[in-house]
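> My structure is below; once you've seen it, I'll send some questions.
What follows draws every value from the coordinates through simple rules; no lab data is involved. Quick caveat, the model's predicted, so the values are computed rather than measured. Neighbour counts are summed over all protein chains in view; Cβ atoms, including those assigned to glycine, are modelled from backbone coordinates with ideal geometry.
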């Protein structure tokens, strides 16, 4: 998986080929329009715009901008943060329709404004059914998160709702093993602490963005600050392992998670990606490689709708070619159970 | 000692990670307050996080009970088996695919039954349970061949893996049952995982076991075996709020079977247990089907003093385990001496007034207890350039501030110890200075209200409260806090108020906001007699969580009155708190409300 950073103003040059399908998500963040407004829509045959009906009041203005930008090629897919099955079925149906219409040989995904959960589900679906498609990811950076707030008061979301595994990433949770939670921490330190509080794992490891790898333009070293806040909040853990991830490199994130997974030993591993979408792609990749790993998600109860982010001037383009692993056989599952016993 | 307890005596450690000896050392017996837990019968033990539910269950497990009763497992009056439900497999997104389909209840029951079997036989496979493991071996081999295997084979065909070694020990036998249960559990989960992205339901070809046909016969036969307790088996089911609605319905169906003489279900949950309906659509009811215990209600009601004693014992035990012997909770969390001396001075003045016939209370100490502390707080408010504010230091105040939740004492204590240690220059910490206690509880109060709620406008899923409701709750809390502060500063005779009761009917809107406040822990709910009504009856009482008291410099200690209000006053507090506060009379209470004094406790 290669990744390149380009100025948004140069994205047309960087994306010189044509795409049968473009997928993006509407959001209350203005950043969701950064890439769709910058690309050459003549090079796209069909566009799918995810619309989170749970936040419709907040996403509607930007959704309309996306519809306007993509014109008749745009097709809105309803998704719900509260219902991953609804989300998966609607995305799946639209993907199949696009395939039937011959639009899926090459796919461009603007991952910027997806929820972590919707992005993970989409990646899983693509990996299952579109392993031969040429897939390019695009991610528009933010110049700043929690706009205007000083570093001590920055916030992106508050409160957590239900904690669940992400559809398609169930892992293999062995009842007799202890639980090890690997959290990739971003600005959402309260949400992260809430997740730890809710799952009450036996041990935790906190991954935070490596200095200099931030995709934001301001407060580049905020990740470490928020990781420290999570650490302070997790008072019931006397020892917390820490690890760095490169926020601008999914493959690097995958490698770091792989190291942590190998170090963790004989435990159930849960990964909660809560940093940017590039690192979430890295987490998905790590879970694809190790199917015992579960990815979990804590839905936020509220977002900083008014000042979540300020669009930046760059974007990251990544080649998302993955080969689907052969499905695990029943015999492999039985072997695993025997090993456990 | 666990490594966690080595660094801080107030480290919050999962009871699951404590050894039997540590558990017995740390546990403070609470079963005088919760006797239904140790008596046969199904019980729902409700309470917020951190009230000690899991610790109770840990203590009831056979390894701890054998230590306590100094006997082997066959000498115990019951066999307590811990079944944790905090397992992300129960929250597996794939299982939602089955929701509202015919197979959902059946497959979920199978998953629950096999999960329970894994946990039950995992515990029974611990060698330290048996006084003479060699003698138990033949008995459990017989149990395996005559009970387990025939029950298993009702739903599945024989597999060579099921064959038991003729010399198998008790540990081997129970380990084998555990492994078979894991296989059955995995088989069902593997099926569920295949459903992730399929809208059509693929057939399930594995066996399906249920509670009545599988688990109960196994447990019944198990309890008849020599070397096992003759009493009932208690399944200590922890964190049932983790279950999905379907799984909760299945568990409720088990409660409804009334098998409690043989197998009693002791179910702990937070307040957000999904449903009390069964799989057949009936409800389970107390006291017919189960008994219900709400820990928060018990410890904020008439048993407050027991709560204080219990915390004192917890502190003492934790300090002892940490190597700090002969230090009491009061010594470790000392009062602000200067402040308390001044308050005692005011108390003496009230007693002197009583002695010359100018007292208001029945007893000599009544007025001193009732007015001295509020007078002191008021005196601080009167000093424009007061160099100090009220100090919340001292064990008794910290207990009151924890509002009946053990963890709300332990967590700040942990922070206080850490701060005291960092300021100690490497020396042992034998007490926490008053200034540190005060700083920590004040910061915790602000975090509780402002970080956890004020900026939260909950929205985003079908069950989340609307943002408007959060705003109303925030207004209500801040409005009430300000009213209570005004009452404290007033010239009234009853000035320690942190509760409200209703003199008329609550509107649905007000009920909804208070329900939300109770769910989020900002209020505790109870009822009181309607002292203002000739017809008697009871009305709802809401107590502001004392953790919030430092925000308004309120007195968190006992002996409080409650404010009788009308529904319209609360509506106003929710919508226009500033207007309501402007209308407060000199006595600090809104028009149309009145203060009732509570009994001393």
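> Run the Debye formula on the Cα coordinates of the range A:241-307, all scatterers equal and no solvent, and tell me log10 I(q)/I(0) at q = 0.16 1/Å.
Log-scaled intensity ratios, in q order: -0.55.
> Turning to a different aspect of this structure: Let me know the whole percent of all Cα-Cα pairs from the range B:59-167 that are separated by more than 22 Å.
Summing the P(r) of the range B:59-167 above 22 Å gives 51 percent of all pairs.
> Rg and Dmax of chain B over Cα atoms: what are they, in angstrom?
Cα radius of gyration and Dmax of chain B are 27.8, 92 Å respectively.
> Please order B:363, A:145, A:297, A:86 by the number of other Cβ within 10 Å, starting at the fewest. Please list the in-between numbers first.
Values: B:363 11, A:145 24, A:297 27, A:86 15.
With the sparsest Cβ surroundings first, the list reads B:363, A:86, A:145, A:297.
> Now a separate question. Per Stokes-Einstein, at 4 °C and 1.567 mPa s, what whole-number D in µm² s⁻¹ belongs to the range A:87-137, with the Kirkwood radius over Cα pairs as the hydrodynamic radius? Before the final figure, lay out the partial values.
Numbers: Rh = 11.2 Å.
For these conditions, the coefficient is 116 µm²/s.
> Could you tell me what fraction of 2.2 N^0.38 Å the Cα radius of gyration of the range B:82-240 comes to, as a two-decimal ratio? Write out the running numbers ahead of the final one.
Working: Rg = 16.7 Å, N = 159, 2.2 N^0.38 = 15.1 Å.
Cα Rg divided by the expected 2.2 N^0.38 Å: 1.11.
> Let me ask something else about it. Can you give the average number of partner chain beta-carbon atoms within 10 Å of each beta-carbon in peptide A:44-56, as a whole number? Mind showing how you got there, number by number?
Numbers: counts 0, 0, 0, 0, 0, 0, 0, 0, 1, 0, 5, 3, 0.
Mean inter-chain Cβ contacts per residue within 10 Å come to 1.
> Rounded to the nearest 5, what is the percent of antiparallel bridges among the DSSP beta bridges in the protein assembly as shown? Don't jump to the answer; show the numbers that get you there.
Details: 34 of 97 bridges.
Among the beta bridges of the protein assembly as shown, antiparallel pairing accounts for roughly 35 percent.
> What are the semi-axes of the equivalent ellipsoid of the range B:173-285, taken as the square roots of 5 times the eigenvalues of the Cα gyration tensor, listed largest first and rounded to whole Å? Can you show the working numbers first?
Values: eigenvalues 140, 94, 32 Å².
Value: 26, 22, 13 Å, ordered largest first.
> From the helices alone, meaning DSSP H stretches of at least four residues, give me the mean residue ellipticity at 222 nm for the protein assembly as shown, per-run term -39500 (n - 2.57), in deg cm²/dmol to the nearest 500.
-12500 deg cm²/dmol
> Let me confirm one metric for peptide A:87-95, namely the mean number of other chain beta-carbon atoms within 10 Å of its residues' beta-carbons. Walk me through the intermediate numbers first.
Working: counts 1, 8, 4, 0, 1, 3, 1, 0, 0.
Mean partner-chain Cβ count within 10 Å for A:87-95: 2.
> Then there's this: Between the range A:1-24 and the range B:77-97, what's the alpha-carbon centroid distance in Å?
First find each Cα centre; the distance between them is then 46 Å.
> Considering the range A:48-106, what Rg and Dmax in Å follow from its alpha-carbon atoms?
Radius of gyration, then largest Cα-Cα span, for the range A:48-106: 12.3, 34 Å.
> How far apart, in nanometres, would the label points at residue B:431 and residue B:270 be if each is projected 7 angstrom from Cα along the Cα-to-Cβ direction?
Those two pseudo-labels are separated by 3.7 nm.
> Same structure, new question: How large are Rg and Dmax for the protein assembly as shown when only the alpha carbon atoms are used, in Å?
Calculated on Cα positions, Rg and Dmax stand at 30.1, 99 Å.
> What do the square roots of 5 times the Cα gyration tensor eigenvalues come to for the range A:75-197, in whole Å, largest first, as semi-axes of the equivalent ellipsoid? Present the calculation step by step, with values, prior to reporting the outcome.
Values: eigenvalues 172, 94, 36 Å².
One finds semi-axes of 29, 22, 13 Å for the range A:75-197.
> Using only the alpha-carbon atoms, how far is helix B:434-446 inclined from the longest principal axis of chain B? Give it as 0 to 90 degrees, nearest 10.
That helix lies at roughly 70 degrees to the long axis.
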